Amino acid sequence: MMAAERKKILLVPLDPVHDVGLKLIRRALKEAGHDTLLLPPGLEPNEVVSKLLEQNGVDFVLVSRTIGYRVGELLAEFVDLVEACGVRERVILVVGGMAVRPELAAELGFDAGFGSGTTPEEVVAYVEGRPFVAGKERGTGKKKVDLTAGYSYAYRNREIEKQLDLITQEILTWVGNKTSPAVERARLAFSALRGEIEPGEFREKYLGYCDDLVRDYYNHRRLPNRTRLLDREELDALERHQHWEGISTAVREGLPRPAIFIQYGTGCPIMDIMHIKTCEAWGADGVVHFDPSWGARTEGLLAGYLAHSEDGTVITLENLRLLKEYLWPGTLWQVRAHRGLNTPETVVLAGEVGADLTKINMVYASLGAGMDPARMTVDGVEAIRWAVHYGLSFDVVTNEELCGVPAYKAFAGMLIVAHLARKMGGRPILQPLFCRSPEVMIYGQMKDNYIDYNAAKILALQGIIDAPLWPGAPIGFLTHTEDRVQSAVTTALHACLARSLGVEAISIASSDEAYAGGPIVAASRIDTLRGTYEGFRFFGSAGIEPTSRAQEWAQELVAGITRVLKDVASSGSFVQALYRGLLGSPEDGAYPGRVGRGTLLRKEPGEDV
Amino acid sequence: MKYKSRILDALDVETFLLARDEGEAKGIMEGLLVELGFADHDIVFLEQVGCGVRVRARAYVHRPGVSYGWLAGGEQ
């Protein structure tokens, strides 16, 4: 397709042997519809000028040469000869090569100069007289993807499906007559956002379901420790700030999977925006919102543009709207809701603001994040209901493995939540831990390599159900050190393994993952995105071959999952199974949490269960 | 320092120091950062192998939530 005016271009490798760069550029120019003539390497300047004179109507001469000893004189001699022949005014002279800089090119008499790292697309843009914008040229792979598209959620393991049916039916029956402060707040927030309730009435009812920390804020403007409100001047300055022109290609460059997610949550939404823009530019497909842990243990959400001076960015409607405003349209956005007292309400805000994904898992929240199993089950089911309402797909994370829960138990819990979501019309994504977990440290499954057990997990899940997989979170967790080279390499290797196994998405850490002395910095995010890009580039469509142990372990995992699900189903109560440790016990390292214990209500408000 | 305001968050200084051990390298890097005018700093990584120590130090210019020089239209 030819959009610009056809140009005639003479390509000159003014070099004894090298012309590869010019061949790449010639291909791009030809594809863009221009006429090209590539001269052989090794010609003297006077011979090149003779060729130029033989050709009629040459618009551009593109000279390729690495700057080195006496090369400047050679290039200047070439420009002088072109001038002496009287054609200088008719042609545009361009020089390119390693160590060429625009100012040096101008000094030597060229119209333009391109150094190392120049893409053929940049040269085509220059020839066509239009500005080069990296994203527009190369960003075709940076389209928002639906991580659940194409998955049937059909079971390949009927026994597991049967057990999951029994367990999830019992859960839905059990939650039937129960509600919680979070469930009520979510419904109030939904009504308020639609203007179905007067602000005064909303506030009174809402605060009736909140902790003192939130009441103090609304009633007395008393801010929680280490938080402050961003002022109008800062927000106006952000609006004027334009340092994020140009979106580059995705790390996965043109391939459908895996989508790469980074996790942000510096505490300040303005700094988050800068980190997000940096990661988008360096190829991230999606971003995950991290909130402070105290937010998950507080009944009720705050409001306003809030900055927090420690890890995690406070979830407020205003903060989420601000972040959304600056997201690239092709970037997937996940707002986590999985592990606290505000789970259903967070899903409502995420849905209202336009997030693409959320995160829900009452098993992890109960066993690894301190939440009371009964409360979390009621809140989790309600959160799934809201996710379905807003069309949000969500991952079901298994980070209870980080407490020491073996993978087969964590996967049983994950499958229960995913099956429940399917029953309710949701689109869950399975998120197995893809790292060096406590289980493998104790039992030695990664003594020889880090491939087999991670592969076994993926193979096991793929053998059970046709569902999207999003290993995390982050991949390679507990293999990182404070050495940024090591950290970026281990992330890249795990990413390449995940890609080789055909997963839908991955969450990657920054190279600051193991550094606990301060906030993560943008340059460390680039380290791992760049490393992952290089890994993907290296492997291309080639795969990584696990040993036979991977299949053996996958079978063991499936057997373990089946056993646990049968135990939970026969116990007759999912919530009691959580308390009793069937999905992760104190011996494993998992303890049923206490946050929110005794707060369940009957559907008629005010009556304790 | 007029260029500081253009640093998004932090400046990392990474090098190989001739030092007896990691403790000495830590002291040298901290002294260097103070000498360069960075009060808020930390040592991210130290590893002694052979005759010296591989080290990465970090000077925070804009911690999250502070007033950002680059947002206030810091000097070009």
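The values are calculated or read from the model by the stated rules, or taken from the named source; none is laboratory data. Fair warning: this is a prediction, and the values are worked out from it, not measured in the lab. Note that each Cβ is placed from the backbone with ideal geometry, even for glycine, and that neighbours are counted across all protein chains shown. Heads up: the accessible areas ignore ligands, DNA and RNA and are worked out on the full protein's heavy atoms, side chains in. Shrake-Rupley method; radii C 1.70, N 1.55, O 1.52, S 1.80 Å.
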query: Got a sec? What order do B:Glu30, A:Glu280, A:Glu204 fall in by accessible area at 1.4 Å, biggest, i.e. largest, first?
result: A:Glu204, B:Glu30, A:Glu280
message: Using only the alpha-carbon atoms, what does region A:61-102 span along each of its principal axes? Please give whole angstrom values in decreasing order.
response: 29, 17, 13
- prompt: To the nearest 20 debye, what is the magnitude of the charge dipole of region A:352-442 about its Cα centre, counting +1 on the Cβ of each Lys and Arg and -1 on the Cβ of each Asp and Glu?
  reply: 240
- request: Towards the positive end of the charge dipole of the protein assembly as shown, with charges on Cβ (+1 Lys, Arg; -1 Asp, Glu), say which of A:Gln163, A:Thr298, A:Gln445 has the farthest Cα.
  value: A:Gln163
task: Counting helices only, and only those DSSP H runs with n ≥ 4, report the 222 nm mean residue ellipticity of chain A as the sum of -39,500 (n - 2.57) divided by its residues, in deg cm²/dmol to the nearest 500.
output: -14000 deg cm²/dmol
query: Given A:Asn177, B:Ile28, A:Val388, which one lies farthest toward the positive end of the charge dipole of the protein assembly as shown, if we put +1 on the Cβ of every Lys and Arg and -1 on the Cβ of every Asp and Glu?
result: A:Asn177
query: Given a 1.4 Å probe and the protein chains all in place, what does the accessible area of A:Arg297 round to, in Å² to the nearest 10?
result: 130
task: Only Cα pairs under 8 Å and at least 6 apart count here; give the relative contact order of region B:1-57 as a rounded whole percent.
output: 42
- line: Expressed to two decimals, region A:272-356 has a Cα Rg over Rh, using the Kirkwood radius, of 0.95
message: How big is the dipole moment of region A:181-238 about its Cα centre under a simple scheme where the beta carbon of each Lys and Arg is +1, that of each Asp and Glu is -1, and everything else is neutral? Debye, nearest 20, please.
response: 160
message: Using alpha carbons only, how many angstrom separate the centre of region A:479-539 from the centre of region A:68-94?
response: 46
Neighbour net charge for A:Pro45 - beta-carbon separation under 10 angstrom, K R +1, D E -1: -4
- request: Summarise the partner chain shielding of A:479-485 as one whole number: the mean count of Cβ atoms from other chains within 10 Å of each residue's Cβ.
  value: 3
statement: The rounded separation in angstrom of the Cα centers of region A:179-222 and region B:27-49 is 48
query: What are the trypsin sites (Lys or Arg not before Pro) within region A:386-475 that DSSP puts in a loop, where the Cβ has at most 13 other Cβ atoms within 10 Å?
result: A:Lys447
- prompt: In what order, largest first, do A:Trp282, A:Trp294, B:Trp70 sit by accessible area if the probe radius is 1.4 Å?
  reply: A:Trp282, A:Trp294, B:Trp70
- line: One can check that the equivalent ellipsoid of region A:8-132, built from the alpha-carbon gyration tensor with semi-axes equal to the square roots of five times its eigenvalues, has lengths in Å, largest first, of 19, 17, 14
statement: Expressed as a whole-number percentage, the relative contact order of region A:346-449 with C-alpha contacts under 8 angstrom and at least six residues apart is 29
message: Using only the alpha-carbon atoms of region A:408-505 as identical scatterers, what base-10 log of I(q)/I(0) does the Debye formula give at q = 0.13, 0.19 Å⁻¹?
response: -0.47, -0.93
task: For the protein assembly as shown, count all C-alpha to C-alpha pairs, find those more than 32 Å apart, and express that count as a whole percent of the total.
output: 59
message: Could you tell me which residue out of A:Leu29, A:Leu75, A:Asn56 lies farthest along the dipole of region A:4-85 toward its positive end? Charges go on the beta carbon: Lys and Arg +1, Asp and Glu -1, centred on the Cα centre.
response: A:Leu29
- line: From the Cα centre of region A:423-459 to that of region A:326-387, the distance in Å is 22
Neighbour-limited loop hits for GluC sites (Glu not before Pro), region A:21-118 (at most 11 other Cβ within 10 Å; DSSP other than H, G, I, E, B): A:Glu89
The protein assembly as shown, dipole about Cα centre (Lys/Arg Cβ +1, Asp/Glu Cβ -1), debye to the nearest 20: 1540
- request: Check the straight Cα-Cα distances from A:Lys447 and name the aspartates and glutamates below 19 Å, setting aside those fewer than 8 residues away within the same chain.
  value: A:Glu401, A:Glu439, A:Glu545, A:Glu552, A:Glu556
message: I need the Debye-formula profile for region A:199-351: one equal scatterer per C-alpha, no solvent, reported as log10 I(q)/I(0) at q = 0.15, 0.20 1/Å, two decimals.
response: -0.81, -1.28
message: I'd like to check one number: the per residue accessible area of the protein assembly as shown, probe 1.4 Å, reported in Å² as a whole number.
response: 42
task: Report the accessible surface area buried between chains A and B, summing both sides, using a 1.4 Å probe on protein heavy atoms only, in Å² rounded to the nearest 100.
output: 2000
query: Add -39500 (n - 2.57) for each DSSP H run of 4 or more in chain B, then divide by its residues: what number comes out at 222 nm, to the nearest 500 deg cm²/dmol?
result: -6000 deg cm²/dmol
- request: Can you tell me the alpha carbon radius of gyration of region A:522-575 divided by the globular rule-of-thumb value 2.2 N^0.38 Å?
  value: 2.00
Rh by Kirkwood over Cα pairs, then Stokes-Einstein D for region A:351-407 at 0.692 mPa s and 37 °C, µm²/s: 274
task: Evaluate the Kirkwood expression for the hydrodynamic radius of region B:4-60, namely the inverse of the mean inverse distance over all pairs of different C-alpha atoms, and round to one decimal in Å.
output: 11.5
message: So for chain A, averaging the separation of alpha carbon pairs under 8 Å that are six or more residues apart and normalising by length, what relative contact order in percent results?
response: 14
- line: Counting all Cα-Cα pairs in region A:300-340, those more than 15 Å apart amount in percent to 49
task: Output the pairs from A:Lys178/A:Lys457; A:Lys205/A:Lys277; A:Lys359/A:Lys566; A:Lys359/A:Lys409; A:Lys30/A:Lys51; A:Lys144/A:Lys409 with a Cα-Cα distance over 31 Å in this structure; if there are none, say none.
output: A:Lys178/A:Lys457; A:Lys205/A:Lys277; A:Lys144/A:Lys409
query: So what's the angle, to the nearest 10 degrees on a 0 to 90 scale, between helix A:181-193 and the longest Cα principal axis of chain A?
result: 50
field: Loop-resident sites, chain B, for trypsin sites (Lys or Arg not before Pro), counting at most 14 other Cβ within 10 Å (DSSP)
entry: B:Lys2, B:Arg20
